[in-house]
Amino acid sequence: MSTPSPAASRPRALVTGGNGNLGEAVARLLQRAEYEVHITVQDQSTRAEFAFGMIQADIHVHVVDLTDPPAVAALATEIGGPLEALVATVGGFAGGPFAEMDPALFDQQYSLNLKTTLLTLHAMYPLLKASPGGSSVVLVGNRPALSAGPGTAVSSAMKAAVIHLTRSLAKEWKPDGITVNAIAPGVMDTPQNRRDMPDADPSGWPTPGQVAEVVAFLLSGAGSIVSGTTVPVFGRS
């Protein structure tokens, strides 16, 4: 993973959506790799329910609305710099026939999947640029964004925008020593997915821990030669 600056005892990482299945797996993996890990949660009740074990693991928990520009700017000030790694896991899926969807879902999916990513990247760029050893960003797309199919139009459109953002920023931020990549997970083996798809066979689904290992590679020194790509993480499904 990225080399810390000489003045820092540990490299610093931010994982947005640290209370989600993937976000928690990434945060704990980075903590074991001796990063100073910062995560975001959306509200105080989530922090109270979830964060105690993370704080005990020396992970810094920030309550922030990632759709609010001043709040995200304040988060950057709280974290300080430099920032060697950023993993933006905030997102969510809304499926169903497009013509039957409530238009309110359009704004919800934009805010959740794309706006949070845009604002986080915009606010954290100075911290990423300040890392003298280089820094790495990993964004999260999804499998439908790499293909097409019924019932996924809105969420996959937002995630496809994230994938295009990955390619664009990889070129724009290359002179700053910042790599930008994305992963595109398929269905992950989580309690929620097992509950929502009781008739599916989860044996081929990747676990959040396995997906987190792919993220870790993209943040690593070995992964520093990779930028602008989206890695499919489908397991055997």
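The values are calculated or read from the model by the stated rules, or taken from the named source; none is laboratory data. Everything numeric in this text was worked out from a predicted model, so none of it was measured. Counting neighbours? That spans all protein chains shown, and the Cβs are built from the backbone with ideal geometry, glycine included. To get the accessible areas, we keep the full protein, side chains included, count just its heavy atoms, and leave off ligands, DNA and RNA. Shrake-Rupley method; radii C 1.70, N 1.55, O 1.52, S 1.80 Å.
Observations on the model:
- Positions within segment 203-228 being surrounded by 16 or more Cβ atoms within 10 Å (Cβ to Cβ) and either at pLDDT below 90 or among the polar types (S, T, N, Q) (or both), in sequence order: THR207, SER224, SER227
- Subset of segment 208-237 (residues that are polar (S, T, N, Q) and either touching a residue at least 40 places away in the same chain (Cβ under 8 Å) or within 22 Å of GLU84 (Cβ to Cβ) (or both)): SER220, SER224, SER227, THR229, THR230, SER237
- Scanning segment 106-153 for residues that are β-branched (Val, Ile, Thr) and at pLDDT 95 or above yields THR116, THR117, THR120, VAL137, VAL138, VAL140.
- Applying a threshold of 7 Å to beta carbon distances and a minimum spacing of six or more residues, or different chains, the list of pairs starting in segment 47-72 at a residue that is closer than 16 Å to GLU24 by Cα and ending at one that is open to solvent by less than 40 Å² (accessible area, probe 1.4 Å) and modelled with pLDDT under 65 reads VAL61/ALA51.
- Any hit, segment 94-117, residues being in contact with a Leu (Cβ under 6 Å, 6 or more places away or on another chain), open to solvent by 20 Å² or more (accessible area, probe 1.4 Å), assigned to a helix (DSSP H, G or I) and hydrophobic (A, V, I, L, M, F, W, C): no
- Residue selection: VAL140 satisfies the criterion of being open to solvent by less than 30 Å² (accessible area, probe 1.4 Å), touching a Leu at 6+ places or on another chain (Cβ under 8 Å) and either closer than 14 Å to GLY17 by Cβ or free of Cβ contacts under 8 Å to residues at least 24 places away in the same chain (or both).
- Scan of segment 13-26 for residues that are under 21 Å from HIS122 (Cα atoms) and not in a strand (DSSP E or B), ordered by number: GLY17, GLY18, GLY23
- Qualifying residue in segment 107-116 (condition: under 13 Å from VAL162 (Cα atoms) and among the aromatic types (Phe, Trp, Tyr)): yes
- Among the residues of this structure, ALA170 does not count as one that is among the aliphatic types (A, V, I, L, M), under 20 Å from VAL233 (Cβ atoms) and surrounded by fewer than 14 Cβ atoms within 10 Å (Cβ to Cβ).
- Residues of segment 143-159 classified as open to solvent by 40 Å² or more (accessible area, probe 1.4 Å) and within 16 Å of the chain's Cα centre (by Cα), total: 1
- Taking first residues from segment 75-93 that are touching a residue at least 12 places away in the same chain (Cβ under 8 Å) and partners that are among the small types (Gly, Ala, Ser) and surrounded by fewer than 18 Cβ atoms within 10 Å (Cβ to Cβ), the Cβ contacts under 8 Å between residues at least 6 apart in sequence or on separate chains come to GLY81/ALA130; PRO82/SER5; PRO82/ALA8; PRO82/ALA130; LEU83/ALA130; GLU84/GLY133; GLU84/GLY134.
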